[in-house]
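Data block below; observations after.
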Amino acid sequence: MPDVLVQYQGEIIQSIGETFYMVGVSILFAVLIGLPVGTFLFLCRKGQLLENQAVFSTLNLLVNSTRSFPFLLLVVFLIPFTRLIIGTAIGTTAATVPLAIIAIAHYSRLVEQSLLDVPRGVLEAAVSMGASVREIITKFLYVEARSSLVMGLTTSIISFISYSTIMGVVGGGGIGDFAIRYGYQQFKTDLMTYMIIIMVILVQLIQFSGMTLARWLDKR
């Protein structure tokens with residue numbers, strides 16, 4: 001192991017843990033809130049099962065507005081809100097607030113797109129069999145779109161890792177923040193390079209795992 005990695009081994013392990021924590025919280029909110037929001041975006045569209053233009057327009061506006069924010073500006077904009085619910089705007093836990101919000105908006109749109117790819121005949125068949133809305137969602141839509149939903153989540157996770165590198169502006173820590181503070185600002189180019197390599201390996205592992213799971217789930 002290179003000497004510089006041995007020297008900063010403790011800080012590197014801590015920064016990796018901080019990244020996993022921030023991304024983990026983002027994934028949790030993406031699944032728990034982003035999945036239902038994306039589902040309602042799909043169901044409330046014109047011509048769909050729960051057609052409701054008011055609900056669709058409201059959710060669509062919220063999702064589009066959040067996604068259109070440059071992430072750094074969103075982090076700064078949410079500082080008062082973060083301080084209100086966390087008690088502070090500084091630290092790794094505080095950094096999860098803007099990450100969770102962008103995660104919800106990001107994944108909900110991918111969920112909507114995945115459900116739009118489900119053949120119309122699947123919905124018609126479910127309705128003709130007398131399935132309830134809940135059964136249509138869980139036993140038909142999600143089942144048909146499961147491979148695409150996993151690929152969308154994989155894409156989202158990679159985006160969350162990228163977003164987490166910005167969280168140093170609020171003391172969020174993580175691999176990106178470590179690379180800037182110890183690598184770039186202290187002119188340790190080799191250390192910064194190693195951090196980039198770690199990020200690349202991490203992303204490749206996530207992409208490979210997501211694609212493998214998606215292929216396994218795709219029964220078509």
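One residue stands out in segment 61-92 among those that are touching a Lys or Arg at 6+ places or on another chain (Cβ under 9 Å) and not aliphatic (A, V, I, L, M): the one that is surrounded by the most Cβ atoms within 10 Å (Cβ to Cβ), namely Arg67. Going through (1) outside any helix (DSSP H, G or I); (2) open to solvent by 40 Å² or more (accessible area, probe 1.4 Å) one by one, Gln48 falls short only on (2). Applying a threshold of 7 Å to beta carbon distances and a minimum spacing of six or more residues, or different chains, the list of pairs starting in segment 56-75 at a residue that is over 16 Å from Ser108 (Cα atoms) and ending at one that is open to solvent by 40 Å² or more (accessible area, probe 1.4 Å) and not polar (S, T, N, Q) reads Phe71/Tyr163; Phe71/Ile166; Leu72/Ile166; Leu72/Val169; Val75/Ile166; Val75/Val169.
In this structure, Leu84 does satisfy being in a helix (DSSP H, G or I), hydrophobic (A, V, I, L, M, F, W, C) and more than 18 Å from the chain's Cα centre (by Cα). Do we have Phe20 as of a type outside the set (Ser, Thr, Tyr), crowded, with 18+ Cβ neighbours inside 10 Å and free of Cβ contacts under 8 Å to residues at least 24 places away in the same chain here? Taking the combined requirement at face value, the residue does not satisfy it. Within segment 167-182, is there a residue that is farther than 19 Å from Pro36 by Cβ, of a type in the set (Ser, Thr, Tyr) and out of contact with any strand residue (DSSP E or B) (no Cβ under 6 Å at 6 or more places or on another chain)? Yes. Taking the criterion of being farther than 29 Å from Leu74 by Cβ, among the polar types (S, T, N, Q) and under 17 Å from the mean Cα position of the chain (by Cα), would at least one residue in segment 190-208 satisfy it? Looking through segment 190-208, none of the residues is farther than 29 Å from Leu74 by Cβ, among the polar types (S, T, N, Q) and under 17 Å from the mean Cα position of the chain (by Cα).
The values are calculated or read from the model by the stated rules, or taken from the named source; none is laboratory data. Every value quoted in this text rests on a predicted model; they were computed, and no experiment measured them. All Cβ positions, even for glycine, are placed from backbone atoms using ideal geometry, and neighbour counts span all protein chains on display. Areas reflect the complete protein model, heavy atoms only, side chains present, ligands, DNA and RNA absent. Shrake-Rupley method; radii C 1.70, N 1.55, O 1.52, S 1.80 Å.
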